[in-house]
Amino acid sequence: MSHDPTDGTHAHDHGGRCDHAHDGHAHDHAHDHGGRGGAHDDHAHDHGGRGDHAHDGHTHDHGGRGDHAHDGHAHGGHAHAPTHDRHAHEHTHERWIGPGLFRSRTPRRARSFGARAFTVGIGGPVGSGKTALVLALCKKLRDRIRLGVVTNDIFTREDAEFLHRHDALPAPQIRGVETGGCPHAAIREDITPNLDALEDLMRACAPELLVVESGGDNLAAQYSRELVDYTIYVVDVAGGEKVPRKGGPGVTQSDLLVVNKTDLAPHVGASLDVMARDAERMRQGGPVVFTRCNVGDGVDAVIEHVLAARAEALAAATPA
């Protein structure tokens, strides 16, 4: 988002997905951006996963997700004009001053799991091994629990097709989403396409555990808690031993950090001990698992974390 400090005009850019206009009205409220800044004063929004809400005399009706009206004009499918005309704002927008802390990360939302099963979000840079982890999880869990998987790619369904080719799950249990823009937008700012795919899976297959794999993105990418209940961030040794200490919300705030491709350490001059030490420090002791997902090494430890988090969430679930 950009501001013109001389006249109060500003524009929001939601990764090419949901730029929009609000004309001639004041904002006097607060948004929850999943612990990533963007504070607004006076009241908070809780969309209950999405939700309907009001702003200073105009209403938002997302119909469960994205269609809504501002100042008497409707927006379909969350497609918006890219400007905000001049109007008074009684709030501030915070700049990120750091990657955030593991112990103060946004907590999992209490919810019922009847309409949508416990959902795991897997993120990480391009080529870190996200899809390999998803495939390994499917192979190890598919005979124990009914799974559903949604993959994200920008203009293809490559990762979904990869899972189909490797018989990860029966075809009806896999969905591919073409985000058409920055990968982080589909897991954070405009989660509608992924929610649609997850709900479609629930209707078709009634999975007991859902997995969303984001498109490859940078260290700042982190999931909205409206979309997933548990977050895994995957980095790989080939990126260099410096990656964990570079931080970023993906590294510091994910529920589980996975350091993949450990066998490549000697080939790229990386020290696994250094990576473990830096990850421990950056994550305040939060869990880290070292893996070789393509051959299954370390995947059982990942599964233990996922199933423990799921059991805890189900025990605390709110009534349907």
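For this structure, a couple of remarks:
- Sequence-distant lysines (8 or more away, or on other chains) whose Cα lies within less than 24 Å of K140: K130, K261
- The accessible surface of the stretch 163-263, taken with every protein chain in place and a 1.4 Å probe, is 49 percent carbon and sulfur.
- Residue-normalised accessible area of the stretch 246-320, given per residue in Å² at a 1.4 Å probe: 46 Å²
- Per residue, the stretch 94-194 exposes an accessible area of 47 Å² to a 1.4 Å probe, with every protein chain left in place.
The values are calculated or read from the model by the stated rules, or taken from the named source; none is laboratory data. A quick note: this is a predicted structure, and the numbers were derived from the prediction, not measured. Just the protein is used for accessible areas: all its heavy atoms, side chains included, with ligands, DNA and RNA removed. Shrake-Rupley method; radii C 1.70, N 1.55, O 1.52, S 1.80 Å.
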